[in-house]
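Worksheet: the structure to be examined is printed underneath.
The values are calculated or read from the model by the stated rules, or taken from the named source; none is laboratory data. From a predicted model like this one, the values you see are computed outputs, not experimental measurements. Glycine gets a Cβ as well: all are built from the backbone with ideal geometry, and neighbour counts include every protein chain shown. These area figures cover heavy atoms from the full protein model, side chains too; ligands, DNA and RNA do not enter into them. Shrake-Rupley method; radii C 1.70, N 1.55, O 1.52, S 1.80 Å.
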Amino acid sequence: MTEDHGPGTAVVTGASSGIGAEYAEQLARQGWNLVLVARRAERLTGLARELGESTGAAVETVVADLAQSADLARVAERVAAEDVALVVNNAGINGYGPFTEVDPALLVKVLDVNVTAPTVLARAALPGMLARGRGAVVNVASLLAFAGALPPGPLPHRAVYGGTKGYMVTFTRTLAAELAGTPVRVQVVCPGLTATEFHLTAGEAPVPGERRVHDDGGMPAADVVTASLAALAAGEVVCVPGLVQAEALERLAAAEQGVRAGSGSTMAPRYRTGPDGA
Ligand SMILES: NC(=O)c1ccc[n+]([C@@H]2O[C@H](COP(=O)([O-])OP(=O)(O)OC[C@H]3O[C@@H](n4cnc5c(N)ncnc54)[C@H](OP(=O)(O)O)[C@@H]3O)[C@@H](O)[C@H]2O)c1
C-alpha cells in the first residue's frame, strides 16, 4: 500500500473503455492508485492523464493482450506486487454467434480472455493479499451466465460466452467459500445489458466494429460499477446490479443445494430400463 494516497493500488483490466474505464474513474475518486490494462495504448494513456490530473491518483498503464501468454505473465507479475489491494478482472470479449459458425480461433480467444486471464491473475494476486491480510478480487461476469437455454432474440447466440461467464460465477462463489474466514474478498458482478462499446462487435477486434449486436441502451456503466463497489463494501459475493429482488439469488442457491442433496450414489429410477430395454 502506498503511504500517501488512499487505500492502495487497484489493477483494472479492460480499462480502455466501458465498465473498466468506469471502475478506473470511481476507484481513483475513492483514493486508489491505478494500474490500467488493455491493448489500446492511446486510450489508456489518455485516461491515465485525465484521472491523474482530476484526482491526484498515480496511474500506470500496462499495454497487454491478455490472450497472449507473455503479456498475461507480465500483468500477473504486476498484480502480485505488494501495493496491489484490488484486482478487477473486467476485460472480456463476446464471440457471439451460432456455435458452428463462429471462427474456432475466436472461441479459443474468448476462453483465453474471459476465463484463463482472470484465473491466472487471481492466482497471482491472492497469495500476497492473504499474507498481507487485505485485498479483493472482482470478476466481471454477466447476467447471461444465468440465461441458460433461453433462446436467442433479443439475446444473442452465446454458448461459449455464456459458458465463460458461468465459469466466472462458479469460480468466484467456490473461491469465496474457500476464503471465508480470511480478510480477503472475492466478488462476481453480473451486469445485464450495459451501455458500452461491447456490442459494437461480435468479435475481438478493437471497437468500433461494423455490426451492432444490440441497439438497446442498457444500464449506464457507472451504475454497474457503483453497485459492484457498494456490494464489495457490503461483502456480497454475487452482485447483480439490476436485480431488485435479491432473494432470487438465495432461491437459486437453495435449488442448487436441492440438486446436490437429492443425488445419491444410486442411479435414479427413471434411468432404469427393463430387461428388454423398455
Ligand atoms: N456491455 C454489456 O452489455 C455487458 C453485460 C454483461 C457483462 N459485460 C462484461 O463487462 C466486461 C467489460 O465489457 P464492456 O461492456 O465494458 O465492453 P467494452 O467497452 O468493449 O470493454 C471491453 C474491454 O476489454 C478489453 N479487452 C478486450 N480484449 C482484450 C485483450 N485481449 N486483452 C486485454 N484487454 C482486452 C478492451 O480493451 P482493448 O480493446 O483496448 O484491449 C476493453 O477495455 C466484459 O467482461 C463483458 O463481458 C458487459
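Structure above, values below:
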| item | result |
| --- | --- |
| Matching residues in the stretch 130-167 - criterion: being more than 12 Å from the ligand (Cβ to nearest atom), of a type in the set (A, V, I, L, M) and in a loop (DSSP other than H, G, I, E, B) | Ala149, Leu150 |
| Which numbered condition Gly6 fails, given (1) farther than 23 Å from Thr172 by Cβ; (2) at pLDDT 95 or above | (2) |
| Enumeration of residues in the stretch 85-129 that are within 16 Å of the ligand (Cβ to nearest atom), open to solvent by 30 Å² or more (accessible area, probe 1.4 Å) and over 21 Å from Ala38 (Cβ atoms) | Asp103 |
| Enumeration of residues in the stretch 22-43 that are within 11 Å of the ligand (Cβ to nearest atom) and surrounded by fewer than 24 Cβ atoms within 10 Å (Cβ to Cβ) | Glu22, Arg39, Arg40, Ala41, Glu42, Arg43 |
| Which numbered condition Thr9 misses (of (1) farther than 18 Å from Arg134 by Cβ; (2) hydroxyl-bearing (Ser, Thr, Tyr); (3) buried (at least 18 other Cβ atoms within 10 Å of the Cβ); (4) more than 14 Å from the ligand (Cβ to nearest atom)) | (1) |
| Close pairs from the stretch 228-243: first outside any loop (DSSP other than H, G, I, E, B), partner charged (D, E, K, R), Cβ under 8 Å, at least 6 apart | Leu232/Arg185; Val238/Arg173 |
| Among the residues listed as Asp215, Asp223, the single one being at pLDDT below 95, open to solvent by 60 Å² or more (accessible area, probe 1.4 Å) and within 16 Å of the ligand (Cβ to nearest atom) | Asp215 |
| Any chance Ala73 is open to solvent by less than 20 Å² (accessible area, probe 1.4 Å) and not charged (D, E, K, R) | no |
| Pair list, Cβ < 9 Å and 6+ apart or interchain, from the stretch 161-175 residues that are under 26 Å from Pro98 (Cα atoms) and at pLDDT below 95 to residues that are in a helix (DSSP H, G or I) and away from the ligand (no atom under 12 Å from the Cβ) | none |
| Which listed residue is part of a strand (DSSP E or B) and of a type outside the set (A, V, I, L, M), from Glu25, Glu60, Glu50 | Glu60 |
| Of all residues in the stretch 196-208 being at pLDDT 65 or above and part of a loop (DSSP other than H, G, I, E, B), the one that is surrounded by the fewest Cβ atoms within 10 Å (Cβ to Cβ) | Glu197 |
| Complete set of residues in the stretch 170-195 that are small (Gly, Ala, Ser) and in a loop (DSSP other than H, G, I, E, B) | Ala180, Gly181, Gly192 |
| Enumeration of residues in the stretch 89-101 that are over 16 Å from Val115 (Cβ atoms) and of a type outside the set (Phe, Trp, Tyr) | Gly97, Pro98, Thr100, Glu101 |
| Within the stretch 49-60, tally of residues that are β-branched (Val, Ile, Thr) and surrounded by fewer than 22 Cβ atoms within 10 Å (Cβ to Cβ) | 1 |
